[in-house]
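Below is one structure, written out as structure tokens; comments come after it.
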Amino acid sequence: MLTRFRLELIACGIVFILGGITVLGAMEHAIGWGDEGPATGYFPFRLGIVLLVASVLIAMQALRNRAEMAGEVVLSHAGARRILGFFLPLVGYVALAQVLGLYVTTGLYLLVVTRWIGRHRWRTCVSVAVAVPVVSWFLFEVWFTVPLLKGPVEQWLGLA
Amino acid sequence: MSNLDSLLHGFTVALTFHHVLLMVAGVLLGILVGVLPGLGAPNGVTLLLPLTFSMDPVSAIILLTSTYWGALFGGSTTSILFNIPGEPSSVATTFDGYPMARAGRASEALTFAFMSAGFGALVGVVVITLLSGFVTSFALRFGPPEYFAVYLLAFCSFIAFGSGAPLKTLVSICLGFAFGAIGMDSVSGEMRLTFGLDDLIRGISFLVVVIGLFGIGEMLLTLEEGLEFRSVGGRLNPREVLAAIGRLPRYWLAMLRGSCVGVWMGITPGGPTAASFMSYGIAKRMSRRGSRFGTGEPEGVIAPETADHSAGTAAMLPMLALGIPGSATAAVMLGGLMIWGLNPGPMLFIDRADFVWGMIASMYLGNVVGVILVLATVPLFASMLSIPFTVIGPIIVTVCVVGAWTVASAPFDLWLVVVFGITGWGMKKLDYPIAPLILAMVIGDKAEDAFRQSMIMSQGSLGVLWASPLVATLSTLAVALLLVPVVSSFRARRRRFRPMEEAAPSE
């Protein structure tokens, strides 16, 4: 269970870290005001500082409203399970796509999600998993001539 | 009457067979995008944008704007029939639209929504037509300081009028700037914030970010709630449609009020979402039947719908003329303009008059086409929602992932979509506004360039931002807007009561 208070603090932490990274990145360059106005790192450096300060201020606001925010559930157990059931296959989809290309992975992803999360009949799952990549092929490769990422399977089939 | 001449010329550009076909395709795709949850207007336009890279700019903008109109119509459809807003800007339509549909008045509610939306859009385009001639009159006075002042004005107004807490809006803007700064610095040619990573040298495309934040993020929110559709039946009865059209003029006051609110909110970057909520609130307070709002009152459908669409169309004017987008979708289109090699700003109205007027003319036509098409296809699209979400949802995900690939053909971008997807979920949960982040990514570099060029012109003196009456007005207005949150939080502390702002979600 995730309360609003915790999520606010997590977000502040992330913003703080991003602010820090921005400051460090900016300091690889001149951050001052040169003869002809601001140098390369001038803006990123100040952006980073603003992010650092704002994250601390938002965290302080959250601490002040702690009682109220700690009672507000932003993610329940059931909700978290549904999100993970959706999110983990997505991560797998993107990871596998780097190797196998988009067409094959799209089919696999649809098959897995419709079958194991949606619990639909095999016939539905397979037809969706075949139809979407095939339609995409005609849409992107043939019609718009925007080639999608291809992998070993397309090479083996002689399509890449 | 030069505006009329230009507009007539625009119609000759827009009224070719090819362009009308694109309009129809755009509207239909838009309705699809608007009806499906998780695929909103910003995301739909983003997914189409890479496919327009090879088109000529006029065709491209006609396709994208038509998609936008279609998405606005589609969003209202699901609001009324399913009580599920397909777009953030059609949330207010659910308040009275769904009760009407449940009472067996779905045809009436949908007709009122579409017709008043079409009316609002037309008012928006007429205002654009009238103001466009005026834009060209100060075009030649626009230099880097003026551009920077305008960008500054855009960001200050987001902080002042935005629905989010000012600090969170500030964080969104700064994050957008920081993401936008990644890659080559266009003034010095140095690599910034890349930390030696090859994948970051190209920078992060705002299109990928939109797909993640809006597409995947929205999908996570929808799934978390375990969404089920409960339709009240999407059949349209032609006789009821005609009867409703006949009754529409009775609500002229509500439509006019909604259009005024919408046009104002569209031109100042308040956006359609804020406009529809504001219009609903105003109608509720001013209507004689205000106390019955929420139980299925036609005025409660008409007010947010007119405002939503007039804001959507009016937002195109500041986008073209100043490079300030009034909504997240307009921000994406603005990015599109730059990719097609057009420079938004008053000079566009002189250099590329064919583009500007072709687009404006297409907005007249596109909305008429939109009303007709949406009335004709509602049953078809409504029946799409009888497909289980566990099938539609994953397909939408694959569309988002594939769409992210088409932006730059980079495997790394797919990971960015995942990361920004979870970010979008968190931002929605914590009310960090997303639109300012997108806007900052799109015009961040340009704003910085404009500032640094101004500083080169003035040898490092900020005085250049107050050097002429035009730029001084813009800069002063921008700084003044920053004081709005300070003043309003002071007033809120005295009253401790803010009814309107709490209702409006960030777009």
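Just a few scattered comments:
- Relative protection proxy for A:1-8, B:21-28, B:434-441, from highest mean packing down: B:434-441, B:21-28, A:1-8 (other beta-carbon atoms within 10 angstrom).
- Where labels lie 7 Å past Cα in the beta-carbon direction, separation of B:L21 and A:R123 in nm: 3.8 nm
- Using just its DSSP H runs of length 4 or more, each adding -39500 (n - 2.57), chain A gives a mean residue ellipticity at 222 nm of -21500 deg cm²/dmol after division by all residues.
- Zone of A:M27's modelled label, taken as backbone nitrogen in the stretch B:183-217 under 20 Å from a point 7 Å along Cα→Cβ: B:183, B:191-197
- Residue-averaged beta-carbon neighbours from other chains (10 angstrom radius) around A:86-93: 5
- If you plug the beta carbon distance of B:H9 and B:M338 into 1/(1 + (r/R0)^6) with R0 = 30 Å, you get a FRET efficiency near 0.75.
- By the combined test of axial Cα extent (at least 20 Å) and Kyte-Doolittle hydropathy (mean at least 1.0), the qualifying DSSP H helices of chain A come to A:4-26, A:42-64, A:77-100, A:122-136.
- Each residue, B:M347 and B:R288, gets one label point 7 Å from its Cα in the Cβ direction; the gap between the two is 5.6 nm.
- Residue-normalised convex hull volume from the C-alpha trace of the stretch A:2-75: 72 Å³ per residue.
- Here each label is just a point 7 Å from Cα along the line to Cβ, and for B:I372 and A:T3 those points are 5.9 nm apart.
- For the pair the stretch B:252-278 and the stretch B:34-53, the centres of their Cα atoms are 23 angstrom apart.
- Spin-label zone in the stretch B:364-397 - amide nitrogen under 20 Å from a point set 7 Å from the Cα of B:L242 along the C-beta vector: B:371-379
- Segment A:L84-A:M60, length gained on full extension (0.36 nm per residue, minus Cα span): 5.6 nm
- Given charges at beta-carbon only (K, R positive; D, E negative), |dipole| of the stretch A:77-156 in Debye: 480 debye
- For chain B, the membrane-span-like helices by this rule, meaning whole DSSP H stretches whose C-alpha atoms cover at least 30 Å of axis and whose Kyte-Doolittle mean is -0.5 or above, are B:57-82, B:106-137, B:353-384, B:435-457, B:469-495; this says nothing about an actual membrane.
- Put simply, chains B and A cover up around 5200 Å² of each other's accessible surface, both sides summed, when a 1.4 Å probe is used.
- A 1.4 Å probe run over the protein chains yields, for chain B, 36 Å² of accessible area per residue, whole-number rounding.
- Inter-chain Cβ neighbour count for B:209-219, averaged per residue, equals 1 (cutoff 10 Å, partner chain atoms only).
- Other protein chain Cβ atoms within 10 Å, averaged over every residue that makes up B:402-411: 4
- Spatial separation of Cα centroids for the stretch B:300-339 and the stretch B:144-209, in angstrom: 20 Å
- Separation between Cα centres of the stretch A:11-64 and the stretch B:365-400, rounded to whole Å: 43 Å
- Mean shadow area of the protein assembly as shown, taken as a quarter of the surface of its Cα convex hull (nm²): 29.4 nm²
- Protection proxy ranking of A:151-159, B:306-314, B:405-413 - average other beta-carbon atoms within 10 Å, highest first: B:306-314, B:405-413, A:151-159
The values are calculated or read from the model by the stated rules, or taken from the named source; none is laboratory data. Just so we're clear, the structure is a prediction, and the values are computed from it rather than from any experiment. Cβ coordinates were reconstructed from backbone atoms using ideal geometry, including for glycine residues, and neighbour counts include every protein chain displayed. These area figures cover heavy atoms from the full protein model, side chains too; ligands, DNA and RNA do not enter into them. Shrake-Rupley method; radii C 1.70, N 1.55, O 1.52, S 1.80 Å.
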